[in-house]
Amino acid sequence: MYGNDFSAPNSAPDEAPGGLLGEVEAAEAELRAAAARGRRGGPAPDEDLAAYFAEVVDAEQKIEPRDWMPDAYRRTLIRQIAQHAHSEIIGMQPEGNWISRAPSLKRKAILLAKVQDEAGHGLYLYAAAETLGISRDELVQLLLDGRQKYSSIFNYPTLSWADVGAIGWLVDGAAIVNQVPLCRCSYGPYARAMIRVCKEESFHQRQGYEILHTLAHGTPEQHAMAQDAVDRWWYPSLAMFGPPDGDSTHSTQSMAWKIKRFSNDDLRQRFVDMCVQQAEILGVRIPDDDLRWNDERQAYDYTQPDYDELMRVISGDGPCNRERMAHRRAAHADGSWVREAAAAYAAKRTNKEKVAA
Amino acid sequence: MGWLTCERANQSAQQRGDGVNGPFDFTLALADDALIAAQRLAEWTTRAPEMEEDIALANIALDQLGAARLLLSYAGELEGAGRDEDALAYLRDDRQFRNVLLVELPNGDFAVTMAKLFFLAAYQLPLYTALAGCADERLAAIGGKARKESAYHLDHGALWVKRLGDGTEESHRRMQAAVDHVWPYTHELFAADPAAPVDPATLRPAFDEVVGPVLAEATLTRPGSAWAPAGGRAGVHSEHLAYLLAEMQVLHRAHPGAKW
């Protein structure tokens, strides 16, 4: 009994023509067009599989699970999709932290539905990863063992209600800027998953934006709460785009395979340019004294995030890494008797049906 | 379904014409059941035994919260004192809450949560179904919407009671303990209230009809204890509710008059 009772303010970030949601829709149209064009029927019996793979990718067609693909392509996708799925699951924690204390019933419903969406994204992405020949259970175990990562942004704490707004505006905003190009990824199941995820994420971003907008135009205490949240989340959000291009280990090959389409720094710039305008409407200040328009570059100059901090957080020493992992491990361990019971019950039912048949 | 009589509701709707609040207390009681159930269920978010279950519990919590909001808003209108859903949810103390004790009990393990969910749904389904046939149009509309959701909650709860009851040795032990723990609190659900739009006492047969077979199939024993804690409808709660409210209301109360 919950509907879409969220009303976007007139200044909602996605409503600008050519906004991010428009790009998601364009990617979806492209995907349909590519499917309609059809690929040349599979490789000839004596054809070089690698050459066929390259031809499909070059023609902006999608690689599908049944296709041959280079091992490294498969490994890269598993790593990336799994990391993305883990991020959705771990990312439920910082925002879930405020469900019980949400300051109105409407906000409580919106936040609960949002965190639920993230669980849905996680499931959807695990399913996409499974098309590459690895099971969800294996992936979950890799996360619990600390052998696969999740986005480091979720290792920061949510200290006030405004953090829920800042996560929506900045973290979801950065995620969308990162993910919109993935809607055109060469691997079909991932591209299709990302189209769906991006649509929901852009809705989440608007909700976060609206929370901050309400706070920034509320009481002085609420405005201070909003500014404090933006102050704390701005640089970690910039760091979400990864290390500067020169230091990025995975970029070049991923670009060639059309898994990745833009460099970390290009996406980061795009995010900054998008946020500056929105911050003005919101009535909050981006905490960067050197932020200014550069006429020559037609983009904003800005202060880089602290990449040493990013590396520390990635390697496990962020404010909440230990808590986030402990929480996930505890939930998994506490649920084991329930999962075992469900399996035992299902087995008994199967036996009964066999006996009956 | 013969037990769904709504004559009383018709009478009370007619009586309301003379300025009496009529179903205010009743509406508030249902609203509080749903709100507190939602708050407890939402505590499972990020903690459920499976990702699918995390989503399912959030779904049920959202259903309860949605029903609570409609009922609270209507209760506020019936009262006519200018209180909206948030004023009623955030600015009352525990002594003014009218929910049954069952919904405020801590979640416990997954079996306790499923026992609470199952028993609550087995009560809410006939309740909302009866409400849907009421003369009070607003309550009837809410009942009509909520009963479909309750049917799903009941399915979900019943399935888990069976899975856990007839699963492993450990799950059976835990599920029986959960039923033993929660069962005494079910009696309060059916305390007679002849003046209410739907007298809860009339819902007991429907509840028993659903619960008996599920417990039997789950190889669980229905407890015989005569202990029947109550008091929630009169605002006399367990020690747990004040903590739940303290957490739920803290931010709203810290900023009097603020918009969110």
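Readers should treat all values here as calculations from the given coordinates under stated rules, not as data from a laboratory. Worth saying up front: this structure is predicted, and the values here are computed from it rather than measured. Using ideal geometry, Cβ is built from the backbone for each residue, glycine included, and neighbour counts are taken over all protein chains shown.
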Worksheet entry | Odd one out for B:GLN124 among (1) in contact with a helix residue (DSSP H, G or I) (Cβ under 6 Å, 6 or more places away or on another chain); (2) surrounded by fewer than 19 Cβ atoms within 10 Å (Cβ to Cβ); (3) within 14 Å of chain A (Cβ to nearest Cβ) | (2)
Worksheet item: Just checking, how many residues over segment A:247-273 are surrounded by 16 or more Cβ atoms within 10 Å (Cβ to Cβ), closer than 28 Å to A:GLU60 by Cα and not hydroxyl-bearing (Ser, Thr, Tyr)?
Response: 13
Practice prompt. Could you run through segment B:59-90 and say how many residues are assigned to a loop (DSSP other than H, G, I, E, B) and within 19 Å of the chain's Cα centre (by Cα)?
Written response: 0
Worksheet entry | Options B:HIS172, B:HIS187, B:HIS153; residue that is of a type outside the set (S, T, N, Q), touching a residue at least 40 places away in the same chain (Cβ under 8 Å), under 15 Å from B:LEU220 (Cβ atoms) and not in a loop (DSSP other than H, G, I, E, B) | B:HIS172
Fill in: Positions within segment B:44-58 being under 18 Å from B:PRO106 (Cα atoms), within 8 Å of chain A (Cβ to nearest Cβ) and part of a loop (DSSP other than H, G, I, E, B), in sequence order
B:THR45, B:THR46, B:ARG47, B:ALA48, B:PRO49
Worksheet item: For B:GLY167, all conditions in the list (1) in a helix (DSSP H, G or I); (2) without any contact (Cβ under 8 Å) to a residue 24 or more places away in the chain; (3) within 14 Å of chain A (Cβ to nearest Cβ) hold save one; what is the number of the exception?
Response: (1)
Worksheet item: So which residues in segment B:200-222 are under 18 Å from B:LEU101 (Cα atoms) and touching an Asp or Glu at 6+ places or on another chain (Cβ under 9 Å)?
Response: B:PRO200, B:ALA201
Worksheet item: In segment A:342-353, is there at least one residue being away from chain B (no Cβ under 14 Å), assigned to a helix (DSSP H, G or I) and in contact with a Gly (Cβ under 9 Å, 6 or more places away or on another chain)?
Response: no
Worksheet item: Could you list, in sequence order, the residues of segment A:144-172 that are more than 18 Å from A:GLN227 (Cα to Cα) and acidic (Asp, Glu)?
Response: A:ASP145
Practice prompt. Tell me which residues, restricted to segment B:230-244, are over 16 Å from the mean Cα position of the chain (by Cα) and either part of a loop (DSSP other than H, G, I, E, B) or surrounded by 21 or more Cβ atoms within 10 Å (Cβ to Cβ) (or both).
Written response: B:VAL236, B:GLU239
Worksheet, complete the sentence: Among residues of segment B:203-252 being away from chain A (no Cβ under 14 Å), among the charged types (D, E, K, R) and free of Cβ contacts under 8 Å to residues at least 24 places away in the same chain, the residue nearest to B:ALA115 (Cα to Cα) is B:ASP208
Worksheet item: Given the structure, is A:GLY122 within 11 Å of chain B (Cβ to nearest Cβ) and over 30 Å from B:ASP84 (Cα atoms)?
Response: yes
Discussion item. For a quick check of your reading: which helices (runs of 4 or more DSSP H) sit entirely within segment A:71-144 and have at least 3 residues that are over 19 Å from the mean Cα position of the chain (by Cα) and surrounded by fewer than 24 Cβ atoms within 10 Å (Cβ to Cβ)?
Written reply: A:71-96, A:136-144
Item to complete: Determine whether segment B:96-109 contains at least one residue that is in contact (Cβ under 8 Å) with a residue 12 or more places away in the chain, within 12 Å of chain A (Cβ to nearest Cβ) and surrounded by 21 or more Cβ atoms within 10 Å (Cβ to Cβ).
Response: no
Item to complete: Could you list, in sequence order, all residues of segment B:132-150 that are of a type outside the set (Val, Ile, Thr) and touching a residue at least 24 places away in the same chain (Cβ under 8 Å)?
Response: B:GLY133, B:CYS134, B:ALA135, B:ASP136, B:ARG138, B:LEU139, B:LYS145, B:ALA146, B:GLU149, B:SER150
